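Have a look at the structure below, then the notes.
The values are calculated or read from the model by the stated rules, or taken from the named source; none is laboratory data. Remember, predicted model here, so these are calculated numbers, not experimental data. FYI the Cβ positions are ideal-geometry reconstructions off the backbone, even for glycines, and counts take in every protein chain you see.
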Amino acid sequence: MKAGETAVVSGGGPIGLLVAMVAKSKGAHVILSEVNDVRVKMAQEMGFEVVNPAKENLIEYVDKKTNGGMADIVFEVAGVQPSLDITTEVVGIRGRIVLVAIYGEPKPVNLFKYFWKELTLIGARVYEKEDFDEAIDLITENKYPFETIITDTKPLEKIQELFESIDATPDGMKFLVDCQ
């Protein structure tokens, strides 16, 4: 990804927000798509341009923002069929679609869109040393409030309390176990 490109991130959970932060740090124009109102608000408070596709047409929004060019790159982070389906609609000609989400079973995709738009599909599962270096740099630059993504942290000996916290907080983001 390079500066000036338009990136659509579909899914505003913890991973989606982190992907959006990295894209923005690289100079991309980021449009985040999220249906959960709590996550929409959090992303907006973090300075992201957010569209709730349950309330607003994401395809029309991206079309308008890009003067018809659509997104250069789309990150599918939500892991649900509607999010997967819209990736080929919001990406432009010769665009890239990055699958970050993990699916429990095979999902149907419209291969005609891949052919006619000459799209590139990229799987994102493995991290390299450079990815960790970049993450550390991003955190130390202190440009983003990473702590807002963390809903709760408990020591290992209180893991049951952490699971109770997860159950009690359906709109929570990231729950961490401190193993020290």
Out of Arg125, Arg94, sole residue that is of a type in the set (Lys, Arg) and within 14 Å of Val19 (Cα to Cα) = Arg125
ask   = Which of (1) outside any helix (DSSP H, G or I); (2) at pLDDT below 95 is the odd one out, the single condition Glu161 does not satisfy?
value = (1)
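Every residue, every condition in (1) of a type outside the set (Val, Ile, Thr); (2) within 23 Å of Leu121 (Cα to Cα); (3) free of Cβ contacts under 8 Å to residues at least 12 places away in the same chain, yes or no:
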site	(1), (2), (3)
Val35	no, no, no
Met46	yes, no, no
Pro53	yes, yes, no
Lys64	yes, no, yes
Asn67	yes, no, yes
Met70	yes, yes, no
Pro82	yes, yes, no
message = For the range 37-51, which positions are touching a strand residue (DSSP E or B) at 6+ places or on another chain (Cβ under 6 Å) and either assigned to a helix (DSSP H, G or I) or outside the structural domain of Ile86 (by TED's automatic domain parsing) (or both)?
response = Val40, Ala43, Gln44
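Report, by residue number, each residue of the range 27-36 that is in a strand (DSSP E or B) and polar (S, T, N, Q). Even if it seems obvious, please write down each step before you answer.
Quick first cut of the range 27-36, residues in a strand (DSSP E or B) only: 29-33.
The answer is Ser33, and nothing else.
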message = It is to be established whether one or more residues within the range 115-128 are within 25 Å of Met42 (Cβ to Cβ) and in contact with a strand residue (DSSP E or B) (Cβ under 6 Å, 6 or more places away or on another chain).
response = yes
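Only one of these is modelled with pLDDT of 95 or more and farther than 24 Å from Ile150 by Cα: Asn67, Asn52. Name it. Please lay out each step first, then the result.
On the way: Asn52 fails: farther than 24 Å from Ile150 by Cα.
On inspection, the qualifying residue turns out to be Asn67.
Per-residue answers, yes or no, for (1) under 19 Å from Met1 (Cβ atoms); (2) hydrophobic (A, V, I, L, M, F, W, C); (3) surrounded by 11 or more Cβ atoms within 10 Å (Cβ to Cβ):
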position	(1), (2), (3)
Ile31	yes, yes, yes
Ala43	yes, yes, yes
Lys55	no, no, no
Gln81	no, no, yes
Gly123	yes, no, no
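Take the conditions within 20 Å of Glu5 (Cβ to Cβ), touching a residue at least 24 places away in the same chain (Cβ under 8 Å) and among the aliphatic types (A, V, I, L, M) and apply them to Leu176. Does it pass? Before you say what the answer is, go through the steps one by one.
Details: within 20 Å of Glu5 (Cβ to Cβ): no; touching a residue at least 24 places away in the same chain (Cβ under 8 Å): yes; among the aliphatic types (A, V, I, L, M): yes.
No; evaluated as a whole, the condition is false for this residue.
Hey, can you tell me all the residues within the range 4-26 that are more than 13 Å from the chain's Cα centre (by Cα), modelled with pLDDT under 95 and assigned to a loop (DSSP other than H, G, I, E, B)?
So in the range 4-26, the residues more than 13 Å from the chain's Cα centre (by Cα) come out as 4-6, 25-26.
So of that shortlist, the ones also modelled with pLDDT under 95 come out as 25-26.
Residue satisfying the conditions is Lys26 alone.
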